[in-house]
Structure formats: C-alpha cells, structure tokens
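Working notes, structure below.
Where a number appears in this text, it was derived from the coordinates with a stated rule and is not lab data. Not measured: the values here are computed from a predicted model. Using ideal geometry, Cβ is built from the backbone for each residue, glycine included, and neighbour counts are taken over all protein chains shown.
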Amino acid sequence: MDRISDIWGTRNPHSRGTTWPARVDLHLDEGLTEAQVDRWVPSACVLCSNGCGCEIAVKDGRMVGVRGRADDPVNGGRLGPKGLYGSTPWSRSPDRLTRPLIREGGELVECDWDTAMGRIAEVSRRLLRERGPLSHGFYTSGQLFLEEYYTLAVIGKAGIGTPHMDGNTRLCTATAAASLKESFGADGQPGCYDDVEHCDAIFLYGHNMPETQTVLWARVLDRLRGADPPVLVCVDPRRTAVAAEATVHLAPKVGTNLALMNGLVRELFVNGWVDEDWVGEHTVGVETLREIVSPYTPDEVARICEVEPEDVTKAARIFGTSQRVLSTVLQGFYQSHQATASAVAVNNLHLLRGMLGRPGAGILQMNGQPTAQNNRECGADGDLPGFRNWDNEQHIAELARLWNVDPLVIPHWAEPTHALQIFKYAEEGSIGLLWISATNPAVSLPESARIRRILGGDCFVVVQDLFRTETAELADVVLPAAGWGEKTGTFTNADRTVHLSEQAVSPPGEARSDFEIFLGYADAMDFRDADGRPLIGWRTPEHAFEAWREASRGRPCDYSELSYDRLRSSGGLRWGADRLYTDASFPSATDFCETYGHDLLTGATVTEQEHRAQGADGRAFLKGAPYHPAPETPSEEFPLLFTTGRTVHQFHTRTKTGRSRPLNRAAPEAWAELSEADAAKLGIKDGDRVRVESPRSAVEVPARITRVPTGTVFVPFHYGQANELTATVWDPVSKQPAFKTAVCRVTPCNS
C-alpha cells in the first residue's frame, strides 16, 4: 500500500441507503508487524477536520504507527495519507522541546518550570495591576482538546476578564460558525457524514475535499462508483479532483462566490422549486431575500463570475429537483471577502426547499482543523461557552453562577476581539502579554512580515508548542507541550462526533499537556472565585469534561448525556442527534439564540429589540446580501488574481507533517500554479523559478503549469511564502481573513 500516490485507496462501491463497507488502513514503522505491537490505544486522527477513529500502536514506550477503527462511524477504518504517515514520526523527533525556555540577553535559554511560569506570572500580575485585563490576549488553536479549551476559557473570561481571546480557528472555521448562527440562531452542523450514503446530489462549495478530507472523499467516491450514484456539483475556480468527477463544474472567477450563489437562489424562486408551505411555517425573511437575489439572472451571473449561464441553470435544476441534497462548504467560500453571506446562501438553498433534518438532506459547514468545533463550543475564542449569547445578560448571569464570579468580570461589555484585531492591539501596545498556544501565526496569518515584527516587538509573548516554530523563536517564554497521544482528552469533529483520545505514551523530557500548563498558570496567579475557592476546580481532564457537561447542559451543544465511560465503551458519539432540526425547530428564540445576528453586507449588529421584532421564535432566518467586488482587483501594476489553499500531503504549517519523510518527500516546498495561457504569455515553463509579487511583498518559488483559471495564481499556504503576499482584510461578519482574494504579478527569476 502506497497511500502517498494512491491517496484514497481501493474503492468499495455501494448503493444509496446501504452501509459504507469497512476497510481498515494500517501503517507501522518499517520492519514492525501488528503482532509485535505492545498495545493499541484508542484515539482519533488530528491531521484534518474529519476526525477519523483510530488506534495508536505503542512499542517500547514509543508511538510506532496507527490503524483505523472498523467500527467507527466517521471512517469505517480508513485513514488518509497524513493520518497514516504523519501521526507519529514527529513525536520522537530530536528537535522536540523538552524544557522551558526564557529569553536572556536576546537568546532563548533553557530553564525549569518554576522559573518560566514565575516570569509569566510576574509580568501578568504587573500588567493586570497597572493596565487591567485588556492588557492580556490569548491566541490559541484548533488542535487542543475540549478540556483544555474550557479551562483556558474560564481562566481568560472569569480569571482575567479579557475579551481578547481567539484562535487560529478564525482563519479556517469562523465563517462556518457565523453562517450557522445567522441562519439557525446557533452554531452546530445540521447534517452528518452518513448523509453521503443517502443523498441524491452532493454540492461542494469551495471545498477541495480530495485534498483536505481524503477519507470523506473516499466515502463520496464509493457512492459515485456504486449503483444509483448521486449527482455531483463542484463550485471551485480550480480544476480539482472534485471538478473532474462533477456533472457540473461551476468555476467562478476568484472573489465572485456571492454573485453565483445569489443566482442559484434566484433560480429556485423563478422556477417554483421553493417549498412555500414549509418556508412559511419555519422561516422568516423570504420576501427580502427574494428581492435581494432578483437581479442575479443567469446572464448577470455569467457576466460577473465568468461562467456559462447554462451551467448556472443546470446546477440550480439539480438542486431544485433532487429530493435529498448534501452540501459541504469550506475555505474557497470561507476565506473570501463576502464569506458569511456566501455560506449563508448555501443554508438558504436548503431552507427554501425544506431540505434539512432527514437522511441525505444535510448541510456541513466544514471545519478546517480537528478540534475547531470545541474551541467554538467552549469559548476559548470569541464565543461564550455553550453557544451562549455575548449580548444576553441572562446568559452572562448563568455563567457567573456556574463559575461563582461577579457577572461584571465576564467581559461582555464589548464585542469579543477577533484574531487580527488582537495582533493589531499587540502592535499598538495596548496588549502587553500575548499567549499563543499550539499555533504558528508567524506563518499562518496574513502579511507575515508584519506579524513577525509584532511578535518580535515590545509585547511579552508566551508560546507553548511541540517545537521551536517560527513563532516560538520570537517569544519571551517558550513552554514545551505534550502532543496528541501524549495526553488524554476529547474532541469533536465537523459532524459533531466526539472521540476520547487516551494517553498512549509519556511526553518527552519535562513537556506537559496544555491542560497542565493552563492549570499551572491558574495556580501561579491564584485565581479565586467569589467564595475564595480556586477558580479552576478540576485537576484532571475527566473532571474538566464533567465541568463542561454542566456548562453545556440545556444549551444547543448539550454534552450532559456523554461521559468518559460512554465514550470508552462506544467509541465516537455525536452530541445532539445524528441530525439536527429533524422537527424543523431552530434555536432562534431571542432569549435562547447564540447571536442576534448581523447585516451580512456591512457586519452591523442586530439589536435585541430588532431581533425580537422579527419574531423568529424557533424559525430559521433567510438572509442575503448583494455582491460587491473584492477590495483588491487586478490592475496594470498587479494584473493577476492571487489565491491560496492546501495540498494533500501537508497540514497547516507542517509542524507534524513536515517531519514525516514520505509526506515531506511528496511535497517538500511551495510552488506557484499558473495557467498555460498565462505561462506562455510570461515566457515561463513548468519548473522555472518565478517571482510572485503582491502590493505587500514578494517570494520566489518554482512554477507549475496547471488548469488553474487564466488570470489566477495559486500558492499553497503551508510553507510560509503565501502569507508574505496576502492582505490584512476580513469578512465583515465572521472576521475571517480573505486569503483567497488578493492580486499579484509574476515574472521569471531569470528575466
């Protein structure tokens, strides 16, 4: 088996309504057999957002491989290339961080934990005393465990009282959350992966599933190769593997997603494909939406998006006449300038057809990272725990009672601060302590040169990670963290399946779990509740999970029926149910919803009074916005569109996958994709080194001549070069950076 080249493995075709056959994938270190493994430890993969159930092979106290779990509902035993080859090699890499580091005389030097945590606590106390809670910012990840997020959320929101908390989930999944809140009243995926087995049609919107979620794509391929396959529609400017399989490939010009989506919604109205009775009973806003989309005729969409009008009507007919449609959405929509409005338009299509809450009729506003869902649920980002409403005083009072603190400590007196604004405050000096956990913003945030200047400036920067990443190299204190397999905790994937990942081996040296690090900080700061008891009342991950169960009880993401014992005996379990909204009742009541909503064009907030006046009270929202061009459009100086994305053999900033020899051999460096026409015009051949330059910076990479649209340049983001060129702009509602919509020029390096 070579899953580097045979990415999706052998096919197991099956027909609609039948169970996806199991197929167990396995990879062990060279020379080892299954019989030689000492023990297998239950877990789930963390190298994409799919959340595939797996077991970790342990030999002589080391992680030596993985195999899929045949009984797991997510993957039926399958694992992708990153999961197989990238899950364990990093754990014994000689460059693991094993002791804390502090900066002395400009250099990072080793120290003990007391010294490192003592320095953090000293700076933290001084800043709180002199400048208050707004002096602290926390930037976390989509790769910690639920128990770690919840502990950090309580520290930040009830111990310190800062609104400056966010995660790199802002870069990958913020629009998923925002779109679900705007349409249904709260976060939470309506559908599940099982819908692949039941649908008549699958629409993938900006979702390069074959490279970002290889196991889910294998699941789709097995339906496509079976009897009565679903019709596949692809919305993506690039000629991806999805496009190659699709009945209709809509390739909108970069930055025009919303115009296309408005055109598809309009087609439902004008062709009578709207379930008027269902819409009248279960939604609000239909007439306003009808008015917003009315100008987007197929010809107008074709003019804006540079697609064929016949393809627009053909795709709309598939959606309008199928009985069971599954829609999945990802970064092609989320990382654009009208991200939330475009993702909401997908929700609109399903609501107009009453196509939710039954097998095969689902929406998956996908996540980009394995535990991003937990960050949103637990409130270590800009959300409040349990999908509570930042603007609802009763929700704040609930948390204050739960944590036994004064409600005024919980920072609900201002909007939560999103990631790019946190770094802006650090740049300006109002944030004096920035704590970064399990992420590498020096590579992943837009305008990388500016981010490096901020991290290397006056702000006191704490980093906890596995390695001396580009970000860690700029920190004042670096804390060695345990990784996956070296600690215990739970996490929830993109279809709400919760897995328990057990500790398989000990972390190296003095490395500690992120949970232990946060507890250590809480102890050092001596955070107390209103009765003088320790604010963090739990000392183990399981006790933290039990605290979280109580925090989520009665909320849309209710974990109160789950426990470590149930997860150990049953494997992956979904919170909620297999599908949400089976009764067409939505969490939109004013006193219950997670947000009062926003204007999708400007991002202006809807007030409580305005929300109450809409009278949703259990009905979903149909919302829309007109299309507007991206902030940057091609010019004489920068004539090409610049867009970024992922590649199948690397994950994020390659902290783990870059240490896997097979994966790194397959994709060792960045490249720039150009169309054949653009390459010929510029005198560039495949493999030539080219200079790609945006208004912010320039990089030099090899060229690849591909089927990327003429006028567009694509660079994968994992390697750092891409974000030297991207701009600091974001969607007005989700605040997700618009990595997909910049401009550039390309020249041969030898010119």
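General remarks:
- Within-14-Å neighbourhood charge of VAL344 [Cβ basis; K, R +1; D, E -1]: -2
- Rg/Rh for the range 1-114, where both radii come from Cα atoms and Rh is the Kirkwood radius: 1.13
- Using a Förster distance of 30 Å, the FRET efficiency for LYS681-VAL729 (Cβ separation, nearest 0.05): 0.60
- For the range 521-582 versus the range 220-251, the gap between their alpha-carbon centres in whole angstrom: 39
- Volume per residue that the Cα convex hull of the range 360-477 spans, once the total is divided by residue count, Å³: 159
- Sequence-separation-based contact order of the chain, relative, with Cα cut under 8 Å and 6+ spacing, percent: 20
- Over the C-alpha atoms of the range 470-547, the Rg to Rh ratio, Rh being the Kirkwood estimate, stands at 1.03.
- With 10 Å bins from 0: P(r) over the range 383-427, alpha-carbon pairs, percent: 27, 46, 23, 4
- For the range 281-286, putting each phi into the Karplus relation 6.51 cos²θ - 1.76 cosθ + 1.60 with θ = phi - 60° gives couplings of 7, 10, 9, 10, x, 5 Hz, in residue order, rounded to whole numbers and with x for Gly and Pro.
- Dimensions of the chain based on its C-alpha atoms, expressed as ranges along the principal axes with the largest first, amount to 67, 63, 58 Å.
- 222 nm mean residue ellipticity, helices alone, for the chain (DSSP H n ≥ 4; -39,500 (n - 2.57); rounded to 500): -8500 deg cm²/dmol
- In sequence order, calculated HN-Hα J values of the range 390-400 (Karplus, 6.51, -1.76, 1.60; Hz; x Gly/Pro): 4, 9, 9, 4, 5, 5, 5, 5, 4, 5, 4
- Separation in nanometres of the label points that stand 7 Å from Cα toward Cβ, at GLU610 and GLU291: 1.5
- Other-chain or far-sequence residues with amide H under 5 Å of GLY362's (modelled H): VAL325, LEU326, SER327
- Residues with amide H under 5 Å from that of CYS54, placed H, sequence gap 5 or more: SER43, ALA44, CYS45, ARG69
- Based on alpha carbons, the Rg and Dmax found for the range 282-343 are 13.5, 35 Å.
- Compactness of the range 106-202 - radius of gyration and Dmax, Cα, Å: 19.6, 61
- Computed Rg/Rh of the range 184-300, alpha carbon atoms with Kirkwood Rh: 0.99
- Close amide-amide hydrogen proximity is noted between THR490 and LEU146, GLU147, SER501, each under 5 Å apart and 5 or more residues distant or on a separate chain (H modeled in the peptide plane; Pro and chain starts excluded).
- The reciprocal of the average 1/r between distinct C-alpha atoms defines the Kirkwood hydrodynamic radius, which for the range 680-729 equals 11.9 Å.
- Table column - 3J(HN,Hα) (Hz), the range 142-151, Karplus curve with 6.51, -1.76, 1.60, x for Gly and Pro: x, 9, 8, 9, 3, 5, 6, 4, 5, 4
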